[in-house]
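Q: Just dropping this structure here.
The values are calculated or read from the model by the stated rules, or taken from the named source; none is laboratory data. Source: prediction; values computed, not measured. Here the Cβ positions follow ideal geometry from the backbone for every residue, glycine too, while neighbour counts run over all protein chains shown. The accessibility values were calculated without ligands, DNA or RNA, using every heavy atom of the protein model including side chains. Shrake-Rupley method; radii C 1.70, N 1.55, O 1.52, S 1.80 Å.
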Amino acid sequence: AACVSSMSTLIMASVAHPNCAFNSSSALKGRVACARRMSSSNIGVRCEGGGSSGDLALPKLPRSRREQVLQAAAAVRRAALDGKLLLGVEFSLPLIGATDLDDWPGGVRQQYQAVAPMVGELLKAIGTDSKADVKQRVVEEGDAVVVLTGSGATAMVFPTADTLRDLKDLVGENKSGGIITLVNTQINIGGSNLISDLGIGPWKRKNEEFLAQFELAYWLSEQRIQGETIRLLKSWPHPWQVYVLTEMNADNTEPECVMVSDERPSYKELETLLMARPGSVAAMSIMDRIVREGQFNASSVSKAPNNVDQED
């Protein structure tokens, strides 16, 4: 979706498709390491069945950029029907311009080139007029913080702590009660920092209370753990789903869902789960994993990531 803008040439060019500040029950927990210990009954639950969301079937892992956007839009609409209008979305971005040494040589502004068309399509899908133009306004060019506005829906992309005032203004000016979505937030709530991005004392508390209004509607991310590629999927109102892509470059292989959980699993929990799976890559010896990882790195240079159609 082409976005109308009065921005600089650099950012305007990013709109064309180039061929943790959320609560997970409320929205802050999506970006923070906040997972509770999961019960053993969560381990190995398949994704095809029903989950904790009543009769709704659990969603499948999207196989393309477009499927991801449509899935996110459906999640946002469900959340809005439940009365949630301040929402968070985390997209897994298709790689553009990657080199052998760096997936994103152009940094966050290159990432904006990948996410802008996805956000434009999302706003058209969740807004009140799918044919209305999507306009964009640069909030902070260096960090590619941009507000995109459609008909009845607005998104702030890559929000940072420095742009929190702008976000508060955006929410305060939302007199019509439209949907406001934070996309791929860069705000660090705490983590290992002695002082979080949100300040200290009463200022931190007020900022946390403000951000806690945002509910996590959708999350898709990928990471490598012990030589295996996993994807995390969260789609309102369903629980978190953990998929393992067991075969490198197996484009026609359906990824295996190995866990569902009401809370986002931590790295350690995922590592333990992977290493406990019989015949898994994570359970291999260190030398075997090194050889396999070398093969993976060599093949990934010339091929799109497994299970992702980066064109559509």
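Q: So how exposed is residue 219, as accessible area in Å² (1.4 Å probe, rounded to 10)?
A: Here the accessible area works out near 10 Å².
Q: Run the numbers on segment 198-285 and let me know its relative contact order in percent, using alpha-carbon pairs under 8 Å that are six or more apart.
A: 20 percent.
Q: Output ³J(HN,Hα) for segment 143-152: one whole-Hz value per residue in order, computed from phi by the Karplus curve 6.51 cos²θ - 1.76 cosθ + 1.60 with θ = phi - 60°, and x for Gly and Pro.
A: 9, 6, 7, 9, 9, 10, 10, x, 8, x
Q: Where Lys and Arg each count +1 and Asp and Glu each count -1, what net charge lies around residue 171 among other residues with Cβ under 13 Å from its Cβ?
A: -1
Q: How would you order 69-76, 158-165 from highest to lowest mean count of nearby Cβ atoms within 10 Å?
A: Ranking, from highest mean packing down: 69-76, 158-165.
Q: Here's something else I'd like to know. If DNA, RNA and ligands are ignored and the probe is 1.4 Å, what is the ranking of 267, 218 by accessible area, most exposed first?
A: Accessible-area ranking of 267, 218, largest first: 267, 218.
Q: So who's got an amide H within less than 5 Å of the one on residue 145, skipping anything under 5 residues away but keeping other chains? H placed 1.01 Å off N, in plane.
A: Hits under the 5 Å cutoff: 139, 140.
Q: Taking θ = phi - 60°, what integer Hz values does the Karplus form 6.51 cos²θ - 1.76 cosθ + 1.60 yield along segment 73-79, in sequence order, with x for Gly and Pro?
A: Those phi angles translate into 4, 5, 5, 5, 5, 5, 5 Hz.
Q: Sort 99, 229 from largest to smallest accessible area, using a 1.4 Å probe on the heavy atoms of the protein chains.
A: I get 99, 229, largest accessible area first.
Q: Could you sort 224, 205 by accessible area so the largest value comes first, with the probe set to 1.4 Å?
A: Highest to lowest solvent-accessible surface, that is 205, 224.
Q: So how do 206-214, 270-278 stack up, highest first, on mean other-Cβ count within 10 Å?
A: Going from most to least packed, we get 206-214, 270-278.
Q: Moving on to the next point. How big is D, in µm² s⁻¹, for segment 52-130 by Stokes-Einstein at 10 °C and 1.306 mPa s if Rh is the Kirkwood radius over C-alpha pairs?
A: 111
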